[in-house]
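Here the structure is laid out as structure tokens; the discussion comes afterwards.
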2 protein chains.
Amino acid sequence: MEVDVQFLPMGPPSEFLSSRAVVVIDVLRATSVIVHAISRGAMEIIPVITVDEAFRLAKTFPAETTLLGGERGSQKIPGFDFGNSPREYVAEKVRGKRLILTTTNGTRAFHAVSSAREILVGSFLNVGATARRCLEMGKDLLLFPSGDEGNFSLEDAVCGGMVINHLIHQGGDSIHLTDSASAAHFLYQQFKQNLIEAFHVSHHGKDLIHKGLEEDLVYCAQVDLTNVVPVFREGVIKPA
Amino acid sequence: MEVDVQFLPMGPPSEFLSSRAVVVIDVLRATSVIVHAISRGAMEIIPVITVDEAFRLAKTFPAETTLLGGERGSQKIPGFDFGNSPREYVAEKVRGKRLILTTTNGTRAFHAVSSAREILVGSFLNVGATARRCLEMGKDLLLFPSGDEGNFSLEDAVCGGMVINHLIHQGGDSIHLTDSASAAHFLYQQFKQNLIEAFHVSHHGKDLIHKGLEEDLVYCAQVDLTNVVPVFREGVIKPA
């Protein structure tokens, strides 16, 4: 099983993706939101690129079961039900609901890898379960950090490295790492005693602290809060 | 001074490059060859993309001062004077000569960043001098690992991280790292006690060992063998 990490958030060619499983990772904060909301009972999440698209799509569903979430510039979008803090997505609000989500980096990532064989949603909150699911599938794997406005994001690479750490310990000699996968694994080892430290080094983490959202960093750094591994298929994210 | 690292070998847009200095790094082995050959007295080096272009260009110069070097599949090209091992480029053979070079990754990299304000050639062999030259210039900096057939290459990122380590120690608070620059710096710290270990982890390093070229790895891992920092300008690499 080959494990690769895409260090810049650009979708590889379809012929590369078609035989692979992909794990989309946007620790701060889209995939943390998605994993958290699904673990709290959300029925499905539809990631869309633009705010207009989110409003348009919401009108096509029953209002009582449909909620809007996401951010621009890390802030809640006017007219939306939720921002992009996983803490907002509590069971009382999301259970049984459809969520339409638009964020700067994370929701784009799903569309960039949409031709992959299988697409999972990863974060620190479900990192162990994500690795187990990848081993069960046994397919070559691409970890896809969503990046920071087109650039490499440290915290997503560290999370990818933690998935790889699980794979190596559970998959042994069957796991072959590309150079980027080896690098992500080394970066994880650098921060494994204190994952939040990676957020304090990263550009996006520092920006969220600057905007008064430091509590989200603490929340998103929680490891194995849930065993849910959401799946993105035909435009919709659902529990596996 | 902002320091960035381009983790995938794709040239950023011209408007990004036009105000920046770029250091091209292809430790295994193109930039190690270039730095070594210039330090041994080569007059100039012209990096070209294809083997045909190398032969064509050679015919336009006097035969007695022009040599052909490079590789395909890590092997010397038939009809060329040199392969891609820095050890071949000794003073007796290269002093005062023009060298036309074509390699799989490194020579492409120069053309990918050709719109940058200033383009330097970096490797472990001249890492300290490269960092000093960057600080003297004082421009925002992009370290450009040449990669491994379009993929991230660990050894180039580690070398970039060593340049950054010098910049931080000599430039202090004036040095601002992007996430990829921070990651490269962490990767350097992982291997600083034993740089060759990075070659043993990397795909390209393992391939060279497999092809019997392990001596080149030892050669390319030498630190600060020279103070030469070659410059690429208008298609030609020369001593600064």
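The values are calculated or read from the model by the stated rules, or taken from the named source; none is laboratory data. Quick caveat: nothing in here was measured; it's all calculated off a predicted structure. So basically every Cβ, Gly included, is an ideal-geometry build from the backbone, and we count neighbours across all protein chains shown.
Numbers at a glance
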item: Residues within segment A:7-33 that are in a loop (DSSP other than H, G, I, E, B) and surrounded by fewer than 24 Cβ atoms within 10 Å (Cβ to Cβ), tallied; result: 8
item: The listed residue being over 22 Å from B:L120 (Cβ atoms) and either crowded, with 18+ Cβ neighbours inside 10 Å or modelled with pLDDT of 95 or more (or both), out of B:H185, B:H200; result: B:H200
item: Cβ pairs under 7 Å, 6+ apart, first in segment A:193-211 and acidic (D, E), second part of a helix (DSSP H, G or I); result: A:E197/A:F191
item: Boolean, A:I168 is of a type in the set (A, V, I, L, M, F, W, C) and more than 15 Å from A:R133 (Cβ to Cβ); result: yes
item: Hey, A:S180 out of contact with any Lys or Arg (no Cβ under 7 Å at 6 or more places or on another chain), at pLDDT 95 or above and within 27 Å of A:R40 (Cα to Cα) or not; result: no
item: Residue pairs meeting the criteria (Cβ under 8 Å; at least 6 apart or on separate chains; first closer than 16 Å to A:R117 by Cα and more than 11 Å from chain B (Cβ to nearest Cβ), in segment A:1-17; second of a type in the set (F, W, Y) and in a helix (DSSP H, G or I)); result: none
item: Residue within segment B:56-71 that is on the phi > 0 side of the Ramachandran plot and surrounded by 24 or more Cβ atoms within 10 Å (Cβ to Cβ) present; result: yes
item: Hits in segment B:209-237 (condition: within 20 Å of B:I100 (Cα to Cα) and more than 13 Å from the chain's Cα centre (by Cα)); result: B:R233, B:E234, B:G235, B:V236
item: Qualifying position, being buried (at least 24 other Cβ atoms within 10 Å of the Cβ) and over 17 Å from B:N194 (Cα atoms), among B:F124, B:F152; result: B:F152
